[in-house]
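The values are calculated or read from the model by the stated rules, or taken from the named source; none is laboratory data. Bear in mind that the values here come from a model prediction, so they are computed numbers and not experimental data. Cβ sites come from the backbone with ideal geometry, for glycine too, and all protein chains shown count toward neighbours. Each accessible area value is taken on the protein alone, full model and side chains, heavy atoms only, with ligands, DNA and RNA left out. Shrake-Rupley method; radii C 1.70, N 1.55, O 1.52, S 1.80 Å.
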Amino acid sequence: LALLQYTSGSTGSPKGVALTHANLLANIRAMGTAMQIRGEDVFVSWLPLYHDMGLIGAWLGSLYFGLPLALMSPLAFLARPARWLWAIHRHRATLSAAPNFAYDLCARKLQDADLEGLDLSGWRIAFNGAEPVSADTLDAFTSRFAPHGLRREAMTPVYGLAECAVGLAFPPPARGPLVDVIQREPFVRGGDAVPASSGQSPVLKMVCCGRPLPEHEIRIVDSTGREVGDRVEGRLEFKGPSATTGYFRNPEQTRKLFNGDWLDSGDFAYIALGEVYITGRVKDLIIRGGRNIYPYDLEQAVGAIPGIRKGCVAVFGSTDAASGTERVVVLAETTQTDEQAREGLVRAINGAALDVLGMAADDVVLAPPHTVLKTSSGKIRRAASREYYERRGLHIRPAPVWLQFAHLAVSAVLPELRRRLRGVAALAYAAYAWTVLFLVATPVWMIVAFARRPGLARFACYYAAILASKLTAIHISITGRERLPSAPHVLAANHASYVDTILVAAALPPEHRYVYVVKGELAQRWIPRRFLEGLDAAFVERFDAKHGVEDLAHVEEAVRSGASPVFFPEGTFDRQPGLREFRLGAFLLAARTGVPVVPVGIRGARSILRDVSWFPRLGAAAVVIGAPIMPAGNDWAAAVQLRDRVRAEILRLSGEPERLASIAKR
């Protein structure tokens, strides 16, 4: 055990997260790999050393990588926020981190006179984490300090939690923030993050927090514990070498933390193109009238009202003891004492609630400064604020009894009914899909395995793949088929799921002699061996170099006789998005034989059926065929160059993200 990191208690009683030396080292290494930390980097931090970003991210991280670290007192920053930026200027810092409120404070409060001569051009990575990241704050801070050399690419929203030491998801360095604009109604009604078209309203802005750190994994599950597809909101679970083994001397909370090998973050999120978008805390969610209400959106809107202290608004649900209905309460700080002005603020807050939620708040409480409780990192303590509200009983105005019971029925029945219907529908579809696959695959296997005619086998697989996709309502989009040469070539595709083979079979013209190159282990299993032999597949040994070379020589002979081999050069796949490093065999073969490589990008397969999951989901997939790429020679160097060119093209065609480990390696 290295240290106990007590959670802030923003959603409950503080719990001691047990972190080992291995946890800390793994997290620091992973963050350094993801951010490409260099020896010439310099870190400036005002974050307190009792906070995970300050202790682990800034202090221990700088110690581990041997970086100069300039430390400031948090009080020095709060008294004069400009001191932080001037420290970055003075030390020529390349790294610094802060919660969202600090960036917002600097963007709004600093005067031009405070910034004269300020140079932020050396700031390489501006970490923004520890609390919800606002798209408006990112824009405001970037616009405010762009004249002082700040590059938008430096703004780096990140995600982490105490149970994973500090960091869990980081974006690629120097990319800049991504903001996903989604339609509000589908999201609050059913958790579907549907992209909004230009000019569409109402919308929500979700800030991307990047991809899991190297060797860490993230998944999104529904209330039944089943993993959901892309752009569907659920609970974020994670695992990896930084994950805690539990809470110190708290077995009950430790049991709640784990779901098998996965840890429950307590956050809602969704994944799009392999990147994580945090949508809110599970315990902060308010269910009202069958809608999911996320406090942060309304807090931001209320905080923007003149007369309300920005960043000092808490929105929470409070259960009415008489009826059991959940009421939406807005607790907002103001210095306004005039009664008429306060009534105007209440009207403005309800107007904001109508705009954001489509309904007025059940109660609006205007409180003096320092009423809204916060954590050490500036996050709103909604649970504690709710306790304060309920203990004080401030301005509670009960609704009519009939309306309370109507609200209770709607808020209790509709979400539960929707959840159960979605679960039943998903289970029914999975059972149906496997039934279709069995009914289609069985006769095809018999034809291929016993006819021993590769030409007939290719036609059988082609039409079976198309039939299976239509019966399961999985739409397959195929583009670029006209780019396939009639002469022999090597075809290379990314690998994300077992579904890939079906998609490739549906995309390739059966009249051409394609030879599938498969791992040698499959030759040890009778059922796949009989099928693959009937398809004239080539078995290649992956772990014995001598046999692997001999197997590749057989494939080379097939190419010279007119065949076109199909490779998945990643060699394998896993459940996490991201293109793996490519093996060299396919490209050595192309260089030796002088044939082009046709890059193929497969999209959507992972969402339909993930690794270590036998639960297929309804979805759409695409196969994008790129232009052939010729080798520049016939030697090893030409094969390496060809591999890199093809990989870059498949990365573009597939829409897969680059793995952080691969970025660092490059």
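Any idea of H512's accessible area? Nearest 10 Å², probe 1.4 Å.
30
Mind listing P(r) for the chain? All alpha-carbon pairs, 20 Å bins, whole percents.
In whole percents, the pair-distance histogram is 16, 44, 30, 9, 0.
How far apart, in nm, are two points set 7 Å out from the Cα along the Cα-to-Cβ line at Q36 and at A140?
3.1
Just to verify a number: FRET efficiency for R483 and R80, C-beta to C-beta distance, R0 = 45 Å, to 0.05? Intermediate results must be reported in sequence, preceding the final value.
Working: r = 61 Å, r/R0 = 1.35.
E(calc), rounded to 0.05, equals 0.15.
Quick one: of the DSSP bridges fully inside region 32-169, what percent are antiparallel, nearest 5?
Approximately 10 percent, going by the DSSP bridge assignments.
Using the Cα centre of region 448-503 as origin and beta-carbon charges of +1 (Lys, Arg) and -1 (Asp, Glu), tell me which of L484, F450, I466 is placed farthest towards the positive end of the dipole.
F450
What nm distance separates the two modelled labels at R542 and Y64, each placed 7 Å from Cα along Cα→Cβ?
Output for this residue pair reads 2.9 nm.
Would you mind getting me the FRET efficiency between K205 and E581? Use the beta-carbon distance for r and R0 = 41 Å, nearest 0.05.
0.75
Would you calculate the separation in nanometres between label points at L421 and A523, each defined as 7 Å from the Cα along the Cα-to-beta-carbon direction?
Label at L421, label at A523, 5.4 nm between them.
For region 529-637, what Kirkwood radius comes out of the mean inverse Cα-Cα distance, in Å? Present the calculation step by step, with values, prior to reporting the outcome.
Working: mean 1/r = 0.0623 Å⁻¹.
Evaluated on region 529-637, it is 16.1 Å.
Out of the DSSP beta bridges found with both residues in the chain, what percent are antiparallel (nearest 5)?
Values: 50 of 85 bridges.
Just about 60 percent of them are antiparallel.
Which helices, taking whole DSSP H runs in the chain, have alpha carbons extending 30 angstrom or more along the helix axis plus mean Kyte-Doolittle at least 1.0?
TM-like helix candidates: 401-451.
Hey, if we sort S564, S201 by accessible area with the 1.4 Å probe, largest down, what's the order?
The ranking, largest first, comes out as S201, S564.
Determine the order of Y462, Y498 by accessible area, beginning with the largest, at a probe radius of 1.4 Å.
So, going from the largest accessible area down, we get Y498, Y462.
How would F248, F539, F316 line up by accessible area, probe 1.4 Å, largest first?
The ranking, largest first, comes out as F248, F539, F316.
Going 7 Å from the Cα of R513 toward and past its Cβ, which residues in region 550-579 have a backbone nitrogen under 14 Å from where you end up?
Label zone hits: 555-566.
Full-extension gain between R90 and H21, please, as 0.36 nm times their residue separation minus the C-alpha to C-alpha distance.
Answer, rounded to one decimal: 21.5 nm.
Regarding region 168-234, what's the average projected area of the Cα-atom convex hull, expressed in nm²?
Details: hull surface 22.4 nm².
Its Cα hull, projected and averaged over all orientations, spans 5.6 nm².
Ranked highest first by average number of other Cβ atoms within 10 Å, how do 367-373, 80-86 line up? Please list the in-between numbers first.
Values: 367-373: 15.7, 80-86: 18.9.
Peptide ranking by packing, descending: 80-86, 367-373.
Given that compact globular proteins tend to follow 2.2 N^0.38 Å, what is the ratio of the alpha-carbon Rg of region 60-191 to that value?
Details: Rg = 15.9 Å, N = 132, 2.2 N^0.38 = 14.1 Å.
In units of the 2.2 N^0.38 Å rule of thumb, it is 1.13.
For the pair E252 and R652, what calculated FRET efficiency results from E = 1/(1 + (r/R0)^6), where r is the Cβ-Cβ distance and R0 = 60 Å, to the nearest 0.05?
0.75
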